[in-house]
1. For a 24 Å ceiling on Cα separation, which of these pairs sit above it: B:223/B:255; C:42/C:190; C:42/C:107; B:83/B:118; A:166/B:210?
2. Where is the GNM fluctuation largest for chain A (alpha-carbon springs, 10 angstrom cutoff): A:241, A:95, A:293?
3. Dimensions of segment B:174-286 along principal axes (Cα, Å, largest first)?
4. Per residue of C:117-123, how many C-beta atoms from partner chains lie within 10 Å of its own C-beta, taken as a mean?
5. Counting only residues 5 or more places away or on other chains, whose amide H sits under 5 Å from the amide H of residue C:218 once H atoms are built in the peptide plane?
6. If I take every Cα pair under 8 Å that is 6 or more residues apart in segment C:159-258, average their sequence separation and divide by the length, what percent do I get for the relative contact order?
7. Quick query: amide H of residue B:125 versus all other amide H atoms, modeled in the peptide plane; which residues come in under 5 Å with a sequence gap of 5 or more or a different chain?
8. How big is chain C on each of its three principal axes, counting only the C-alpha atoms and giving the largest first in Å?
Amino acid sequence: MGIVFVFLSASVLAVFTGPGGFSLNEAGDLLVFRVLRLVIGICAGGVLGVVGGALQGLLSNPLVDPWTLGVASGAAFGATLAIVSGMGSSVVLPIAGFIGALLAIGLVYLFARNGGVLPVTRLVLAGVVVSFLFSSLVMLVIVLSRRTIGEAVYLMMGSLGVVVTKSSVRMLVGSLFLALVGCGWLIFHARELDIISFNEEVALSLGVDTPRLTRTVFLVGSLVVAMVVVWTGAIGFIGLIVPHLVRMIFGPRHSLVLPGSFLLGAGLLIMADVAVRNLTPSGLPLSVVTALIGVPFFIYLLRTKV
Amino acid sequence: MIDYRGVDSVKIGWLLMALVLVLGGCPNGSVKEEAVHRGARDVRCVSLVPSITEIIYALNAQALLLGTTNQCDYPAEAKMVYKVGDFQTPDLERIVALKPTVVFATVPMHARLIEKLKEMKIRVYISEPVDIASVFTEIESVGAILKREERTRHLVDSLRQWLSMLPVFADTPRVYIEISAIPLMSVGSGVFINDLIRQAGGVNIFEDVKQPYPIVESEAVVKRNPAVILILHPGASAQDVRERVGWQDVIAVQKGRVFDGLDEDLFSRPGPRVVEGIYLLARILHSR
Amino acid sequence: MSAISIRELVFGYRQRVFFEKIDLEVESGEFLGIIGPNGSGKSTLLRLVGGILRVWKGEVRLLMRPIHQLTRREVARIVAFVPQESSFAFEWKVSDVVLMGRNPFLKVWEQPSVNDWRIVEAAMIQTGVYELRDESINEVSAGERQRVILARALVQQPEILLLDEATSHLDMFHRVEILQILSCLRAQGKTILFVSHDLNEAAVSCSRILLLSQGRIVACDTPAKVITAELIERCYGIAPVMTTHPLNRLPQVLFPAF
């Protein structure tokens, strides 16, 4: 078991020496960019993995993740508004992203709710619709503000190439720190997530404050995803497939699944980034790679689990 | 700088006639041409391309111009012309309602529209200049369509002459052109501004990239170490660029040769202001 | 001692009142069967007792303590709930499922101790699922699954057990199995509330029977006094054929002749 973890961490580290189409001994200044990419990639992949796992547990639904639930797109929309109104380097950016994410998840909840229950298929449907809605809104805002379509692409499809100025460094570090703290919180509640994943009523009878936990997981999940998405744009499928892969190895216990999803999500995202940067023409968004792997997996899930 | 706006064609006509009398020849009945076509309205045009709108005004043929796009904003009078929509999405109905005899469009932006116009048997002039030489050719073509040959020749000759007066430069600084900050986007091959830069005595660091508007990494920019940075978008100021983490070792940043607040139209519109653009670029690239 | 005490309970759905001032007393060690036609509120009443639903007005006391003064964890240490059936989205091991019952005794971050595992094992042995402990919960049969859930309930070490039609989906063999386990628990002094739609099952196992109809308590007495032709006809709307069990002299309901 531990071997697998070592492998995952090693893949993350190995990538450290690989990115970019250049040789290994580069001048010191290029290292800055690589480290930055790596840190952002680890946080982004890790966050998406953990939140995906937590949401799947909370909703007892193997088909949800930050992207299919609309959270990532909502955050990207918030970020778009901030960037377009010229406040992309201030604290407005993460806040706008958070509000966008909350809005998205609120809408999904509203659409999918049926009596007191959140049925699997309705949830996935509502999530995909909301995701699409916010993607379109991003496009709309970009076109109305007469910017290039490339910017919309990056926001909706993801990229680790964040340009950081001295003033926005603090913002970036703060966001990533918040994201990691949020992940920690989710991992902290691993056992309660286990119980909720059985059945809401049973969870109540076992002493879990189900409504409160549900709300808080949604809130923390939205916050954490937003903290990452406002910098990298919305990256899909990591949150969906990574927890499943980890469950296949370790079983469904969240105390193992959540940390495992963090590491595997980080590793996979970094590897995808390395692939995109070295093997494809410039500017290919990360989501293309993650979708190429993720979509067949999603179909497999649909056929076996639903 | 030559002011080719508002020059009375009548005056030119008389001048030429005087020249003719002096030189003892009557070349091509140009006086008659001008007289005939100043009053003739048989050419009715719609311009979907801002640079061509500029050309039309430079040739003093704006009387023939029925419609332009929202982005046709130079010269100032062009803003008052009836608008048929955005440059990106002009309205076919509005264009057709004006009953034009020729429509100026460009590819690939207007590809579909052009097909529709051709189906409706409306003449379309397709503009795709890629360098300075083709800009001059384009001015000539447009002038021919609008039957302003004299004026055209005058304009093109003076532009050519002005361009030839550009000095030879000692060095060829590498230039990084930024058209977006989030994400980082630059200019690749096949884009008009590359030729402008070359004429101004510089070279675009991403000229070798096949995509016209590639998304680039900070790493790539820093590695190619440009001597001059041009910010052609409102999303970042020169100060912002100087503060970018990891960019401190770029020559342009070290020597403070980062320029923002430039009029992008001067560099992106393949119209009569190109030479002005080149001179401006030359000043920026080679100043100390 | 009073195990469950309900005073003037008011509850309803979507603004409409359903339970209007219900009173009920359940003594420790009782095996109370709750029967009634569909929509009579059996499952709802059970959930109100278990704290899964909150009353609108009135009071529920567990072991003399008002439920609203207890935290969910404290309630979970007194009352355990066994639903009709369970489905699991993920491949949990049987032992993990039973372990969940220890949640009321663990803090949020705490991992179960050796003692917790001992309790889990004991419960699994008691309900006869110890051999299945490493199987996936989705692979075992319905009867086995219900016994696993029952083990989970036992691991809560509750005084009161609430079973919501817990045997409905089982065949006779497994039903008898569960009822036997329940009577053992009763012998240990536990109080059991058993919602059932099977009148005969309730008649032979329960010490008292509560008959509900449209949110009202029609009767609450021994099986002999409640399972009568008159009451059944009044509540269920059909005329039953009554008989008496040859061995224990308890009333049994037979299907009408067609």
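Every number here is computed from the coordinates shown, using simple stated rules; none is lab data. Note that the structure is a prediction, hence the values are computed from the model and not measured. Heads up, the Cβs are rebuilt from the backbone with ideal geometry, glycines too, and the neighbour counts pull from every protein chain shown.
1. On the way: B:223/B:255 17 Å; C:42/C:190 20 Å; C:42/C:107 33 Å; B:83/B:118 21 Å; A:166/B:210 32 Å.
As for pairs spanning more than 24 Å Cα to Cα, those are C:42/C:107; A:166/B:210.
2. Result: A:293 has the largest fluctuation of those listed.
3. Per principal axis, max minus min of the Cα coordinates gives 40, 28, 24 Å.
4. Working: counts 0, 0, 0, 0, 0, 0, 0.
That average works out to 0.
5. Here the answer is C:211, C:212, C:213, since their amide H atoms fall under 5 Å of that of residue C:218.
6. Numbers: 124 pairs, mean separation 20.0, N = 100.
Over segment C:159-258, the number comes to 20 percent.
7. Amide H neighbours of residue B:125: B:103, B:104, B:105.
8. 54, 41, 35
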